[in-house]
Amino acid sequence: MKQVFILSLVLLLLAFGAGCIDFPETNTTKTAASTPILHYERGNILIPINTSEIPVRTFDVNATEVIEIVLADPRAGILLEGGWKITSIRTGFEEEDPNREHIDVEFRSDELSLSFFIEVDERERQTGRGRCSATIWRGHPWTSDPFPEEEDYHQAVNPYMGLFVVVDHHNERVMMAYDDKTIFYLYPSYGDVTEWE
(Lines give C-alpha, C1' and ligand atoms only; values in the text may rest on other atoms or scores of the structure.)
Protein backbone atom coordinates (compact mmCIF):
# COMPACT_ATOMS: atom_id res chain seq x y z
CA MET A 1 0.00 0.00 0.00
CA LYS A 2 2.89 2.35 0.83
CA GLN A 3 4.43 1.71 -2.60
CA VAL A 4 1.13 2.51 -4.37
CA PHE A 5 0.91 5.79 -2.42
CA ILE A 6 4.51 6.78 -3.33
CA LEU A 7 3.97 5.77 -6.96
CA SER A 8 0.73 7.81 -7.09
CA LEU A 9 2.53 10.81 -5.55
CA VAL A 10 5.35 10.59 -8.11
CA LEU A 11 2.88 10.34 -11.01
CA LEU A 12 0.93 13.30 -9.65
CA LEU A 13 4.12 15.41 -9.40
CA LEU A 14 5.08 14.41 -12.96
CA ALA A 15 1.62 15.39 -14.21
CA PHE A 16 1.84 18.84 -12.57
CA GLY A 17 5.41 19.33 -13.78
CA ALA A 18 4.51 18.51 -17.40
CA GLY A 19 2.40 21.67 -17.64
CA CYS A 20 5.39 23.85 -16.72
CA ILE A 21 7.61 22.67 -19.55
CA ASP A 22 7.97 25.07 -22.48
CA PHE A 23 8.65 23.40 -25.81
CA PRO A 24 10.66 25.49 -28.32
CA GLU A 25 8.44 24.43 -31.24
CA THR A 26 5.42 26.08 -29.57
CA ASN A 27 7.22 29.44 -29.20
CA THR A 28 8.43 29.38 -32.80
CA THR A 29 4.90 28.82 -34.07
CA LYS A 30 3.53 31.73 -32.02
CA THR A 31 6.23 34.09 -33.31
CA ALA A 32 5.70 33.10 -36.93
CA ALA A 33 1.92 33.49 -36.64
CA SER A 34 2.17 36.94 -35.03
CA THR A 35 4.22 38.44 -37.90
CA PRO A 36 2.59 37.24 -41.13
CA ILE A 37 4.40 37.57 -44.39
CA LEU A 38 2.01 38.28 -47.25
CA HIS A 39 2.93 37.91 -50.90
CA TYR A 40 2.10 39.75 -54.05
CA GLU A 41 2.12 37.13 -56.77
CA ARG A 42 1.65 37.36 -60.52
CA GLY A 43 3.05 34.73 -62.87
CA ASN A 44 6.63 34.11 -61.83
CA ILE A 45 6.81 37.33 -59.79
CA LEU A 46 6.65 36.84 -56.01
CA ILE A 47 7.18 39.86 -53.73
CA PRO A 48 7.09 39.22 -49.95
CA ILE A 49 5.56 41.86 -47.68
CA ASN A 50 6.29 41.66 -43.95
CA THR A 51 3.34 43.43 -42.32
CA SER A 52 5.23 43.84 -39.03
CA GLU A 53 7.71 46.19 -40.76
CA ILE A 54 5.01 48.59 -42.00
CA PRO A 55 4.31 51.45 -39.58
CA VAL A 56 0.62 51.81 -38.71
CA ARG A 57 -0.25 55.43 -37.92
CA THR A 58 -3.88 54.92 -36.99
CA PHE A 59 -5.89 53.11 -34.33
CA ASP A 60 -8.07 50.01 -34.61
CA VAL A 61 -6.67 48.83 -37.93
CA ASN A 62 -5.75 45.27 -38.78
CA ALA A 63 -2.63 45.87 -40.90
CA THR A 64 -2.65 42.36 -42.35
CA GLU A 65 -6.27 42.72 -43.48
CA VAL A 66 -5.64 46.18 -44.99
CA ILE A 67 -2.61 44.87 -46.93
CA GLU A 68 -4.63 41.87 -48.18
CA ILE A 69 -7.31 44.27 -49.47
CA VAL A 70 -4.83 46.57 -51.19
CA LEU A 71 -2.90 43.69 -52.81
CA ALA A 72 -6.08 42.75 -54.70
CA ASP A 73 -5.97 46.17 -56.42
CA PRO A 74 -4.10 46.17 -59.78
CA ARG A 75 -2.48 49.52 -58.91
CA ALA A 76 -0.65 47.89 -55.99
CA GLY A 77 0.78 45.28 -58.35
CA ILE A 78 1.95 47.92 -60.82
CA LEU A 79 3.68 49.87 -58.04
CA LEU A 80 5.27 46.82 -56.37
CA GLU A 81 6.54 45.47 -59.70
CA GLY A 82 7.95 48.94 -60.42
CA GLY A 83 10.10 48.77 -57.27
CA TRP A 84 7.83 50.77 -54.95
CA LYS A 85 7.39 49.59 -51.33
CA ILE A 86 4.48 49.79 -48.90
CA THR A 87 5.82 52.22 -46.28
CA SER A 88 2.87 53.12 -44.04
CA ILE A 89 -0.78 52.68 -43.17
CA ARG A 90 -2.49 55.77 -41.81
CA THR A 91 -5.81 57.49 -41.35
CA GLY A 92 -6.85 59.70 -44.23
CA PHE A 93 -9.66 62.20 -44.57
CA GLU A 94 -11.72 63.04 -47.62
CA GLU A 95 -10.99 66.58 -48.82
CA GLU A 96 -14.63 67.26 -49.70
CA ASP A 97 -16.05 65.68 -46.52
CA PRO A 98 -13.71 65.92 -43.48
CA ASN A 99 -16.04 63.57 -41.54
CA ARG A 100 -15.41 60.74 -44.01
CA GLU A 101 -12.48 58.80 -42.68
CA HIS A 102 -10.64 56.09 -44.58
CA ILE A 103 -7.26 54.35 -44.48
CA ASP A 104 -4.40 55.40 -46.75
CA VAL A 105 -1.82 52.80 -47.75
CA GLU A 106 1.35 54.62 -48.78
CA PHE A 107 3.60 53.23 -51.50
CA ARG A 108 6.96 54.94 -51.83
CA SER A 109 9.69 54.96 -54.43
CA ASP A 110 12.93 55.98 -52.78
CA GLU A 111 14.57 56.23 -56.19
CA LEU A 112 12.02 58.84 -57.31
CA SER A 113 11.29 60.39 -53.88
CA LEU A 114 7.55 60.09 -54.55
CA SER A 115 4.65 58.54 -52.68
CA PHE A 116 1.40 57.13 -54.05
CA PHE A 117 -1.58 56.57 -51.76
CA ILE A 118 -4.39 54.06 -52.25
CA GLU A 119 -7.47 54.49 -50.07
CA VAL A 120 -8.83 51.38 -48.32
CA ASP A 121 -12.26 50.94 -46.78
CA GLU A 122 -11.68 48.15 -44.28
CA ARG A 123 -15.39 47.66 -43.51
CA GLU A 124 -16.36 47.32 -47.17
CA ARG A 125 -13.15 45.38 -47.94
CA GLN A 126 -12.42 47.46 -51.04
CA THR A 127 -10.01 50.07 -52.32
CA GLY A 128 -10.90 53.60 -53.33
CA ARG A 129 -9.19 56.37 -55.21
CA GLY A 130 -5.45 56.78 -55.61
CA ARG A 131 -3.30 59.89 -55.62
CA CYS A 132 0.35 60.92 -55.93
CA SER A 133 2.26 63.16 -53.53
CA ALA A 134 3.69 65.40 -56.26
CA THR A 135 2.68 69.08 -56.12
CA ILE A 136 -0.25 69.93 -58.39
CA TRP A 137 0.75 72.61 -60.89
CA ARG A 138 -2.17 74.85 -61.77
CA GLY A 139 -0.41 76.47 -64.72
CA HIS A 140 -0.56 75.53 -68.38
CA PRO A 141 2.20 75.01 -70.93
CA TRP A 142 0.94 78.00 -72.93
CA THR A 143 1.14 80.40 -69.94
CA SER A 144 4.14 81.81 -68.18
CA ASP A 145 3.30 80.21 -64.80
CA PRO A 146 6.54 78.72 -63.45
CA PHE A 147 6.84 75.09 -62.37
CA PRO A 148 6.93 74.52 -58.61
CA GLU A 149 10.67 74.79 -57.97
CA GLU A 150 10.67 73.34 -54.45
CA GLU A 151 9.96 69.87 -55.87
CA ASP A 152 11.50 67.74 -58.61
CA TYR A 153 8.06 66.61 -59.78
CA HIS A 154 4.71 68.21 -60.40
CA GLN A 155 1.29 67.00 -61.47
CA ALA A 156 -0.70 68.43 -64.31
CA VAL A 157 -4.43 67.80 -64.11
CA ASN A 158 -6.91 67.40 -66.94
CA PRO A 159 -10.18 68.17 -65.11
CA TYR A 160 -12.33 67.07 -68.07
CA MET A 161 -10.86 63.56 -68.15
CA GLY A 162 -9.97 63.29 -64.44
CA LEU A 163 -6.43 62.43 -65.53
CA PHE A 164 -3.27 63.27 -63.58
CA VAL A 165 0.15 63.30 -65.25
CA VAL A 166 3.23 63.42 -63.00
CA VAL A 167 6.20 65.08 -64.68
CA ASP A 168 9.88 65.26 -63.75
CA HIS A 169 10.30 68.87 -64.86
CA HIS A 170 14.10 68.84 -64.58
CA ASN A 171 14.40 66.02 -67.13
CA GLU A 172 11.12 66.86 -68.91
CA ARG A 173 9.93 63.27 -68.59
CA VAL A 174 6.50 61.83 -67.76
CA MET A 175 6.83 59.68 -64.62
CA MET A 176 3.24 58.55 -64.12
CA ALA A 177 -0.24 58.90 -65.60
CA TYR A 178 -3.28 57.90 -63.54
CA ASP A 179 -6.86 58.64 -62.60
CA ASP A 180 -8.77 57.86 -59.41
CA LYS A 181 -8.95 54.10 -60.16
CA THR A 182 -6.17 53.20 -62.63
CA ILE A 183 -2.46 53.73 -63.21
CA PHE A 184 -2.03 53.99 -66.99
CA TYR A 185 1.73 54.56 -67.06
CA LEU A 186 4.57 54.26 -64.54
CA TYR A 187 8.12 55.12 -65.55
CA PRO A 188 10.05 53.15 -66.72
CA SER A 189 8.40 49.76 -66.56
CA TYR A 190 4.68 50.06 -67.20
CA GLY A 191 2.60 51.40 -70.06
CA ASP A 192 3.46 53.35 -73.17
CA VAL A 193 4.86 56.84 -72.58
CA THR A 194 4.31 58.08 -76.12
CA GLU A 195 0.60 58.69 -75.54
CA TRP A 196 1.34 60.89 -72.48
CA GLU A 197 4.05 63.11 -73.96
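Of His39, His102, which has the most accessible area and how do the rest follow, probe 1.4 Å?
The residues order as His39, His102, largest area first.
Could you order Phe107, Phe164 so the one with the most accessible surface comes first? Probe is 1.4 Å.
Descending accessible area places them as Phe164, Phe107.
If ligands, DNA and RNA are left out, what is the accessible area of Asp110 with a 1.4 Å probe, given in Å² to the nearest 10?
Around 120 Å² of this residue is reachable by solvent.
How big is the accessible area of Met161 in square angstrom, nearest 10, if you roll a 1.4 angstrom probe over the protein chains?
Met161 has an accessible surface of roughly 130 Å² with all protein chains in place.
Of Arg75, Arg57, Arg129, which has the most accessible area and how do the rest follow, probe 1.4 Å?
Largest accessible area first, the residues go Arg57, Arg129, Arg75.
Ignoring ligands, DNA and RNA, please state the percent of accessible area on the stretch 34-133 from carbon and sulfur, probe 1.4 Å.
44
Which value, in Å², gives the accessible area per residue of the stretch 34-133 when a 1.4 Å probe is used on the protein heavy atoms?
55
Rounded to the nearest 10 Å², what accessible area does Tyr187 show when all protein chains are kept and the probe is 1.4 Å?
About 70 Å², ignoring ligands and nucleic acids.
Any chance you could run the full-extension gain for Ser52 through Glu65? It's 0.36 nm times the residue separation minus the Cα-Cα distance, nm to one decimal.
Full extension of this stretch gives 3.4 nm more.
The values are calculated or read from the model by the stated rules, or taken from the named source; none is laboratory data. If you're wondering where the values come from, they're calculated on a predicted model, not measured in any experiment. In case anyone asks, the SASA skips ligands and DNA or RNA and just uses the protein heavy atoms, side chains included. Shrake-Rupley method; radii C 1.70, N 1.55, O 1.52, S 1.80 Å.
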